[in-house]
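Heads up: the structure comes next, in structure tokens.
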């Protein structure tokens with residue numbers, strides 16, 4: 001008996017049960033399921049549409065991947081996304097040029113990530129609590145700055161990036177691929193990435209072995225804030241109008257996408273490739289349910305049950321004994 | 001937690017509460033009017049129950065992100081069945097909360113999955129079920145039930161009696177039973193507890209079931225005071241309940257904490273909301289202020305442990321903090 005990829009039986013088993021491989025299997029299975037049930041689902045146009053809609057979650061989940069691998073969690077990403085979405089348009093009311101507005105927004109996002117990271121490292125506030133509280137504060141800031149009714153215009157650059165296409169290919173694929181490349185380099189080609197996994201595996205050991213725990217951890221939250229800001233900016237370009245709370249659902253979806261993608265919520269293992277598949281699974285469920293005219297209730301139920309089933313398939317921890 | 005312990009965090013909780021009470025007394029003495037206090041307690045009761053449920057779970061070293069949506073689900077169930085079924089509707093509602101907790105606990109313990117992710121998924125499931133049962137806010141509660149939740153026991157509101165009884169039972173149960181000791185044991189060191197003959201799976205299933213029951217009681221109080229059901233009311237309670245537990249000084253790492261501290265944490269959050277209301281601060285600032293208070297309260301404790309004050313302790317701290 002020959003096994004695919006020219007591998008021996010045990011090697012093939014080891015390959016096929018890797019979380020990253022299994023999540024891509026689940027993604028393809030879901031795609032074919034929808035393609036059979038929904039006419040026209042498999043068309044190139046629709047595939048491109050899925051990719052476009054996945055990009056926002058895909059980018060914000062990239063930062064979340066780094067944070068989760070380092071052993072933390074970032075619950076402020078949804079608020080940072082909303083903030084970027086609203087503020088970049090609001091700044092146009094101050095007669096700021098679009099380029100400066102984007103830079104200011106990115107700077108704000110980096111600052112928010114920096115605050116998260118510094119508090120986690122130096123004040124030793126648990127990340128779950130710190131980032132949750134910071135999310136509250138950022139949502140509050142956006143509300144105060146816009147006085148409850150955001151206005152202004154989204155820079156044209158973002159509109160073309162978020163909703164433009166070249167032929168059938170959505171332009172948003174370009175920033176997403178570039179982003180993915182940067183994340184890949186950071187995680188697998190830079191020493192930062194190795195420190196990241198080391199700290200996620202065992203913080204004390206990594207610290208005693210001399211990894212720069214403080215700066216790596218702060219850096220991880222800064223990158224997460226930056227990712228959320230980019231996702232928020234692209235989302236502003238896609239939706240064209242700014243509204244408060246647009247990013248809120250992305251927080252928990254990003255965490256779920258990372259974990260479905262095979263990263264351990266306890267830290268120390270995982271990769272961005274898996275997260276991308278997790279993101280696409282989420283987007284397909286939401287899109288497919290909309291087409292099938294299934295109510296919000298059914299959508300929630302399906303999402304929850306799919307997460308549990310995927311986790312039971314490959315996310316279980318080892319027995320204690 | 002064999003007896004209420006007076007820790008350094010206790011000071012922060014008590015001082016914050018006293019400060020808030022003083023501010024409230026200055027800006028609006030009417031807050032302490034009898035009727036107003038009763039309204040305050042009834043409004044705070046659902047969060048109190050959810051926060052107590054969250055406390056017992058955090059003591060095992062877990063966390064439950066689905067308690068808020070579960071509160072919403074039981075609220076919707078109660079608002080649908082209390083009128084047609086009467087007293088047995090009460091049992092149906094309680095039972096649904098208990099069963100929901102049992103399912104969550106079983107998936108976590110038998111599936112060997114991380115609580116944070118399982119409960120994240122379960123929160124989606126409970127929200128879906130709530131919307132399935134009641135797509136629009138509605139339903140109702142019978143008169144006897146509303147009177148029961150807003151009624152009095154002599155001059156003392158029933159809700160207050162209920163809260164005190166539940167808190168005392170939990171405190172007594174956790175400090176005097178084998179189960180309570182086992183919860184703290186697996187929260188402190190799951191592997192060690194297991195080698196000592198404790199079954200983590202059994203304890204976890206029991207604890208999530210207990211939390212489901214407590215949340216159902218909170219949902220029933222909510223149903224009584226609102227006299228209706230709302231499928232979207234629940235989710236906001238999840239993170240607020242965690243905030244209350246943490247503000248009270250219980251550590252997220254598990255194995256350590258107390259019921260009384262959580263009550264202090266709930267009181268801080270509720271008094272803060274009152275203060276913002278009476279100061280006439282725009283509700284725009286509410287999120288901002290609550291977030292800042294949480295950060296400051298969490299930051300105050302650890303600041304004295306900053307490495308600049310104890311540079312030689314850094315590595316040993318890292319080890320003892322468990323990483």
>> Just to be sure before I move on: is residue A:103 in contact with a helix residue (DSSP H, G or I) (Cβ under 8 Å, 6 or more places away or on another chain) and either within 13 Å of chain B (Cβ to nearest Cβ) or closer than 25 Å to residue A:180 by Cα (or both) in the structure I sent?
In response: no
> Can you tell me which residue in segment A:135-152 is nearest to the chain's Cα centre (by Cα), limited to those that are in contact (Cβ under 8 Å) with a residue 12 or more places away in the chain and more than 7 Å from chain B (Cβ to nearest Cβ)?
Replying inline: A:135
> Of the numbered conditions (1) more than 14 Å from chain A (Cβ to nearest Cβ); (2) in contact (Cβ under 8 Å) with a residue 24 or more places away in the chain; (3) crowded, with 21+ Cβ neighbours inside 10 Å, residue B:167 satisfies every one except a single condition; which is it?
Replying inline: (3)
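Filtering segment B:89-117 down to residues that are at the interface with chain A (Cβ under 7 Å from one of its Cβ atoms) and part of a helix (DSSP H, G or I), which residue is surrounded by the fewest Cβ atoms within 10 Å (Cβ to Cβ)?
Taking segment B:89-117 and keeping what is at the interface with chain A (Cβ under 7 Å from one of its Cβ atoms), we get B:107, B:111-114, B:116-117.
Going one step further and asking which of them are part of a helix (DSSP H, G or I), we end up with B:107, B:111, B:116-117.
Details: B:107: 21, B:111: 15, B:116: 18, B:117: 22.
Only one residue tops the list, namely B:111.
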> For the subset of segment B:67-88 comprising residues that are under 17 Å from the mean Cα position of the chain (by Cα) and closer than 22 Å to residue B:138 by Cβ, which member is nearest to the other protein chains (Cβ to nearest Cβ)?
Replying inline: B:69
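How about segment A:122-176: which of its residues are in a loop (DSSP other than H, G, I, E, B) and either on the phi < 0 side of the Ramachandran plot or touching a strand residue (DSSP E or B) at 6+ places or on another chain (Cβ under 7 Å) (or both)? Steps first, please.
Taking segment A:122-176 first, the residues in a loop (DSSP other than H, G, I, E, B) are A:124-126, A:147-155, A:164, A:167-168, A:171-172.
Within segment A:122-176, A:125, A:126, A:149, A:150, A:151, A:153, A:154, A:155, A:164, A:168, A:171, A:172 qualify.
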> How many residues does segment A:292-318 contain that are within 7 Å of another protein chain (Cβ to nearest Cβ), more than 18 Å from residue B:103 (Cβ to Cβ) and at pLDDT below 85?
Replying inline: 1
> Which residues, counting only those in segment B:280-298, are more than 9 Å from chain A (Cβ to nearest Cβ) and in contact with a helix residue (DSSP H, G or I) (Cβ under 6 Å, 6 or more places away or on another chain)?
Replying inline: B:297
> So residue A:285 fits all but one of (1) buried (at least 24 other Cβ atoms within 10 Å of the Cβ); (2) within 29 Å of residue B:130 (Cβ to Cβ); (3) touching a residue at least 24 places away in the same chain (Cβ under 8 Å); what number is the exception?
Replying inline: (1)
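I'd like the full set of residues that are within 12 Å of chain A (Cβ to nearest Cβ) and either in contact with a helix residue (DSSP H, G or I) (Cβ under 8 Å, 6 or more places away or on another chain) or closer than 16 Å to residue B:113 by Cβ (or both), limited to segment B:179-195. Lay out the reasoning, then the answer.
Residues of segment B:179-195 that are within 12 Å of chain A (Cβ to nearest Cβ), as a first pass: B:186, B:189-195.
Scanning segment B:179-195 gives B:186, B:190, B:192, B:193, B:194.
The values are calculated or read from the model by the stated rules, or taken from the named source; none is laboratory data. All values derive from a computational prediction rather than experimental measurement. Neighbour counts run over all protein chains shown; Cβ positions are idealised from the backbone, glycine included.
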